[in-house]
Amino acid sequence: MANSSKSKRQKLYCREETMGADRISDLPDCLLIHILSLLGTKQAIQTSRLSSRWKLLWTYVPKLNLDTDSFPKFECDKVGSIINFECYVSQVLAKHKAKYLRNFRLKYKLYHQKRLDRWISTFTTSALNLQELDLQIINFPTPTPTPTDCFWKLPHSIFYCNKLAVLKIEGHIVLDPSSSSSFQLNTLKILRLESITFANCDSFVTLLSFCPVLEDLTLKIDDYKEFKFKICVPTLKRLSVSYLNNKLKIDTPSLEYFDFECQRSYGSICPTRFQNLVCLVFKYNGHNLSVLEALLLRAPNLRVVLVDKIAKARTQKLFWTEPPNDPNSLLSHLTTFYFRGYKGLKHEVDFVKFILKEARVLKAVRIEVHHHSKLNRSVFEELSIFPRRSSTCLLSVK
């Protein structure tokens, strides 16, 4: 009996020792590297202190995420030396050994343009299989900014990463691919261009012409220059545009989702017919009702429309003009309509009234009243008396 009890205790001790063992370190390198790829680069590097088994594993992770915001102004390395973010990035790039770098993200407050050029040259030299690149470059603008004193020119070597599927560029960056006529981004499907500037009016068009399979484009322009922008991409399915008073021409016959914001007077927009467009998000600023009307007339298969009124929208002398009768019924497929920031102004009432009257298969209308307004009850009562073409339409006011 005593021997049996002793045997049970021994088994229990063995089980506890097994449970306490470092089983993760026994996993093959490929699995450990995959686990590290789920962490940020800084956290992955910190695992090198666990044991000699982990010391170099982070250098084989095919993903780098270097963010100046997650790095203190000064930090001590493992031997107690003080390093800054620039030294940290240089050391990471020098020690990185992954055969293929697939994802690279850098957020940097631009102090040293030449150092930034060296970083880009370092990773693009070995980044033949780079699939996703995200660059956010922040600088402190001068009173009269020009590309030479405030902006960083994007190196042409980036345009030769011909396996790129996602390219995100944001901040104080000058884009000028015009002189790199031989590059081709044959696999690029997602392109984000936010708050950057262009060297000339042809730079943007040139870039798009070398993206033959592009499906998703975000263009946020707050440039002080007034360029004419032309978006002519037959393969494009999603488009988000935010711009000042630049002239805009859109030719995207495959477009399915369109998010549009004009920050000032609408200038001019020349869209083609959006036969495949099913979802429209329209940022309403008080100037661009005519643009909304033009989009409704050119998108006969819309199913979802969201009108989002910008908080500081001007409302002087505005009116809604009902479009002419369309034999194909321009709202014949609309099922869902949202209006955010509603104040009950006459042009807003007329627009909602038009939607209720024309949308034959409408299922839901949701009105979100402006947060400073106390009109919820009266808005609901006013809109409820308007005729609805769809017998299944449900109206809600929040």
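Close contacts from region 385-398, counting a first residue that is closer than 8 Å to Leu356 by Cα and touching a residue at least 12 places away in the same chain (Cβ under 8 Å) and a second that is open to solvent by 40 Å² or more (accessible area, probe 1.4 Å) and part of a loop (DSSP other than H, G, I, E, B), with Cβ to Cβ under 7 Å and a gap of 6+ residues or different chains, come to Arg389/Arg360; Ser390/Arg360; Ser390/Val361.
Exactly one residue among Leu110, Leu106, Leu101 is at pLDDT 90 or above, touching a strand residue (DSSP E or B) at 6+ places or on another chain (Cβ under 9 Å), under 20 Å from Ile169 (Cβ atoms) and of a type in the set (A, V, I, L, M, F, W, C), and that residue is Leu106.
Listed by first and then second residue, the pairs with beta-carbon distance under 8 Å, at least 6 apart or on different chains, first residue in region 93-116 and in contact (Cβ under 8 Å) with a residue 40 or more places away in the chain, second open to solvent by 70 Å² or more (accessible area, probe 1.4 Å) and not hydrophobic (A, V, I, L, M, F, W, C), are Lys97/Tyr60; Arg102/Lys63; Arg102/Gln131; Asn103/Lys63; Asn103/Gln131; Phe104/Lys63; Lys107/Asp69.
Of all residues in region 188-229, those that are open to solvent by 30 Å² or more (accessible area, probe 1.4 Å) and within 24 Å of Asn276 (Cα to Cα) total 10. Criterion applied to Cys279, Cys232 was being under 21 Å from the mean Cα position of the chain (by Cα), at pLDDT 95 or above and open to solvent by 20 Å² or more (accessible area, probe 1.4 Å), and the one residue passing it is Cys279. The condition of being out of contact with any Asp or Glu (no Cβ under 7 Å at 6 or more places or on another chain) and in contact (Cβ under 8 Å) with a residue 60 or more places away in the chain holds for His172.
Taking first residues from region 336-351 that are closer than 16 Å to Asn285 by Cα and partners that are in a helix (DSSP H, G or I) and not charged (D, E, K, R), the Cβ contacts under 6 Å between residues at least 6 apart in sequence or on separate chains come to Gly344/Val379. I'd like to know if region 127-140 contains one or more residues that are open to solvent by 20 Å² or more (accessible area, probe 1.4 Å), assigned to a loop (DSSP other than H, G, I, E, B) and modelled with pLDDT of 80 or more. Yes. Considering only residues in region 292-307 that are surrounded by fewer than 20 Cβ atoms within 10 Å (Cβ to Cβ) and either more than 21 Å from the chain's Cα centre (by Cα) or part of a loop (DSSP other than H, G, I, E, B) (or both), the one that is modelled with the highest pLDDT turns out to be Arg303. Look at region 235-251: where a residue is more than 14 Å from Phe204 (Cβ to Cβ) and modelled with pLDDT under 85, no partner that is hydrophobic (A, V, I, L, M, F, W, C) and open to solvent by 10 Å² or more (accessible area, probe 1.4 Å) sits 6+ places away or on another chain with Cβ atoms under 8 Å.
The values are calculated or read from the model by the stated rules, or taken from the named source; none is laboratory data. Remember, it's a predicted structure, so these values are computed and weren't measured experimentally. A quick note on method: Cβ atoms are made from the backbone with ideal geometry, for glycine too, and the neighbour counts reach across all protein chains shown. Only protein heavy atoms, including side chains, enter the accessible area calculation; ligands, DNA and RNA are left aside. Shrake-Rupley method; radii C 1.70, N 1.55, O 1.52, S 1.80 Å.
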